[in-house]
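Below is one structure, written out as structure tokens; comments come after it.
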Amino acid sequence: MTHGFGPVTPPDAQVRVAAEQRQAQLTKPGGSLGRLEEIGNWVAACQGVCPPKQFERARVVVFAGDHGVARHGVSAYPSEVTAQMVANFLGGGAAVNALAVVAGATVRVADISVDGETDSLIAKHKVRRSSGSIDREDALTAEEVEAALAAGKAIADEEIDAGADVLIAGDMGIGNTTPATALIATLTETEPVAAVGRGTGVDDAGWARKVAAIRDAMRRARPVVKDPVELLRVAAGADFAAMAAFLAQAAARRTPVILDGVVVTAAALVAEELAAGSSAWWLAGHRSTEPAHNLALQRLRLDPLLDLNMRLGEASGALTALPLVRAAVATLAEMSTFAEAGVSTPDTDTAENTDLTVPADIDSETATPTDTPPDLRK
């Protein structure tokens, strides 16, 4: 099912084969660059050209939104931090800003449901102020979930039309690991206690409150688990719906995406339900410390590039992985082939002519290290 996102065609399989063949011709032993080779082949297939082109406009979109459940003690930080951090993003003082500079990316912030006023430049697609508390009420109305889906789709179109050749979704929202975990645990049929992490660093009492909130949210989500739009409406929020639509639309428009942590990957799980096959266009940037993140990665069959005990969000893990993806593109595109460099290829004749068979006049069952062929005894 595509739910209005158009058919999702996979990356070009023929170009992937061409990339694999080129890898075998480059001046290195086959497979010696490990996963960099796999990533380079994937980028080539996404771009439909081999050798692939280095990314010219890597673009991060941070989806910001508050959640009513944060008012019930599931986070170590108060809800007003969301708006404060949005201002920090705009001022260039956050981790996402610093990492984007290093990775060669630019950052856009989209206020989807921040519980406060933000700069009009980032509130173009705002749906509402804070999503509902999912443990006791629906996150959104039917009209609001459709507006959020339209916002995410429009943002993807805006960025791709402006020339983005790789996209990264980031998140900002106090309490957002609670709906993320509720979504993942519901879709993977996992008990809350096995999926809930510490989020922003809650203590034991906060963790217990978070487990209870997720348990109650899952109870409300189960009747709509087969309908991704209803699942977003009941048990997620406007920022999650926008992220899911953003990821699905990127895939529909054949644009590769590097996923971040548990919040973005929860949205990705739903995006795969919105537009089947979308996950072929995604790389997992890292594995966060949140237990639910690993569950979601397993469900999507994505093997993360990094495992650095990160849990910040903001697209920080995906941005940390982006230079690795750039390295994979560079090696496939810029290395010389054996023929171009005048370097000898592996000597297959030597391997084929190396005969370690015991000579016919030696009894292989009784021979010892001192038993040598007659013509060699001297």
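Criterion first (out of contact with any strand residue (DSSP E or B) (no Cβ under 9 Å at 6 or more places or on another chain) and of a type in the set (Gly, Ala, Ser)) does residue 221 satisfy it? Walk me through it before giving the result.
Numbers: out of contact with any strand residue (DSSP E or B) (no Cβ under 9 Å at 6 or more places or on another chain): yes; of a type in the set (Gly, Ala, Ser): yes.
The answer is yes for residue 221.
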Given the conditions (1) more than 30 Å from residue 137 (Cα to Cα); (2) under 24 Å from the mean Cα position of the chain (by Cα), every one holds for residue 30 apart from (2)
Considering region 88-101, residues that are in contact with a strand residue (DSSP E or B) (Cβ under 7 Å, 6 or more places away or on another chain) and under 24 Å from residue 130 (Cα atoms), and then whichever is surrounded by the most Cβ atoms within 10 Å (Cβ to Cβ), we arrive at 96
Considering region 331-353, residues that are outside any loop (DSSP other than H, G, I, E, B) and small (Gly, Ala, Ser), and then whichever is modelled with the highest pLDDT, we arrive at 333
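Taking residue 117 as the residue in question, decide whether it is free of Cβ contacts under 8 Å to residues at least 40 places away in the same chain, charged (D, E, K, R) and over 29 Å from residue 252 (Cα atoms).
Working: free of Cβ contacts under 8 Å to residues at least 40 places away in the same chain: yes; charged (D, E, K, R): yes; over 29 Å from residue 252 (Cα atoms): yes.
Considered against the rule, which asks whether it is free of Cβ contacts under 8 Å to residues at least 40 places away in the same chain, charged (D, E, K, R) and over 29 Å from residue 252 (Cα atoms), residue 117 comes out as yes.
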If we ask which residues in region 315-344 are farther than 30 Å from residue 76 by Cα, touching a strand residue (DSSP E or B) at 6+ places or on another chain (Cβ under 9 Å) and surrounded by 13 or more Cβ atoms within 10 Å (Cβ to Cβ), their number turns out to be 8
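For every residue, the table says whether it meets (1) modelled with pLDDT of 95 or more; (2) of a type in the set (Ser, Thr, Tyr); (3) on the phi > 0 side of the Ramachandran plot; (4) outside any helix (DSSP H, G or I).
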residue: 29; (1), (2), (3), (4): yes, no, no, yes
residue: 32; (1), (2), (3), (4): yes, yes, no, yes
residue: 45; (1), (2), (3), (4): yes, no, no, no
residue: 71; (1), (2), (3), (4): no, no, no, no
Determine if region 211-222 includes at least one residue that is at pLDDT 95 or above, within 23 Å of the chain's Cα centre (by Cα), open to solvent by 10 Å² or more (accessible area, probe 1.4 Å) and of a type in the set (Asp, Glu).
no
Result of the Cβ filter at 9 Å on region 1-27, keeping first residues that are over 17 Å from residue 255 (Cβ atoms) and open to solvent by less than 50 Å² (accessible area, probe 1.4 Å) and partners that are of a type in the set (Val, Ile, Thr) and assigned to a helix (DSSP H, G or I), at least 6 apart or interchain, is 19/43; 23/331; 26/331
### Message
Given the condition touching a residue at least 12 places away in the same chain (Cβ under 8 Å) and under 30 Å from residue 90 (Cα atoms), answer yes or no: does some residue in region 225-234 qualify?
### Response
yes
Filtering region 47-69 down to residues that are farther than 19 Å from residue 128 by Cα and in a loop (DSSP other than H, G, I, E, B) yields 48, 49, 50, 51, 52, 53, 54, 55, 56, 57
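Name the one entry in 312, 356 that is open to solvent by 40 Å² or more (accessible area, probe 1.4 Å) and at pLDDT below 95.
Numbers: 312 fails: at pLDDT below 95.
Being open to solvent by 40 Å² or more (accessible area, probe 1.4 Å) and at pLDDT below 95 holds for just one of 312, 356, which is 356.
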Here the residues within region 73-87 that are surrounded by 24 or more Cβ atoms within 10 Å (Cβ to Cβ), of a type in the set (S, T, N, Q) and outside any loop (DSSP other than H, G, I, E, B) are 82
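For residues that are out of contact with any Gly (no Cβ under 9 Å at 6 or more places or on another chain) and aliphatic (A, V, I, L, M), scanning just region 28-43, find the one that is most open to solvent (accessible area, probe 1.4 Å). Talk me through it step by step, then tell me what you get.
Step one: of region 28-43, the residues out of contact with any Gly (no Cβ under 9 Å at 6 or more places or on another chain) are 28-32, 34-36, 38-43.
If we keep only those that are aliphatic (A, V, I, L, M) as well, we get 36, 39, 43.
Working: 36: 44, 39: 9, 43: 2 Å².
Taking the candidates together, the pick is 36.
Quick one: is residue 148 more than 18 Å from the chain's Cα centre (by Cα) and either among the charged types (D, E, K, R) or open to solvent by 10 Å² or more (accessible area, probe 1.4 Å) (or both)? I'd like the intermediate steps shown before the answer.
On the way: more than 18 Å from the chain's Cα centre (by Cα): yes; either among the charged types (D, E, K, R) or open to solvent by 10 Å² or more (accessible area, probe 1.4 Å) (or both): no.
The answer is no for residue 148.
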Within region 44-67, the residues that are surrounded by 20 or more Cβ atoms within 10 Å (Cβ to Cβ) and closer than 30 Å to residue 114 by Cβ are 55, 58, 59, 60, 61, 62, 63, 64, 65, 66, 67
Out of (1) modelled with pLDDT of 95 or more; (2) open to solvent by less than 10 Å² (accessible area, probe 1.4 Å), the one residue 197 does not meet is (1)
Do we have any residue at all in region 162-171 that's without any contact (Cβ under 8 Å) to a residue 12 or more places away in the chain and open to solvent by 40 Å² or more (accessible area, probe 1.4 Å)? no
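The values are calculated or read from the model by the stated rules, or taken from the named source; none is laboratory data. Quick caveat: nothing in here was measured; it's all calculated off a predicted structure. Every residue, glycine as well, gets a Cβ built from its backbone with ideal geometry; the counts of neighbours run over all protein chains shown. Accessible surface is based on the protein model in full, side chains and every heavy atom, while ligands, DNA and RNA are left aside. Shrake-Rupley method; radii C 1.70, N 1.55, O 1.52, S 1.80 Å.
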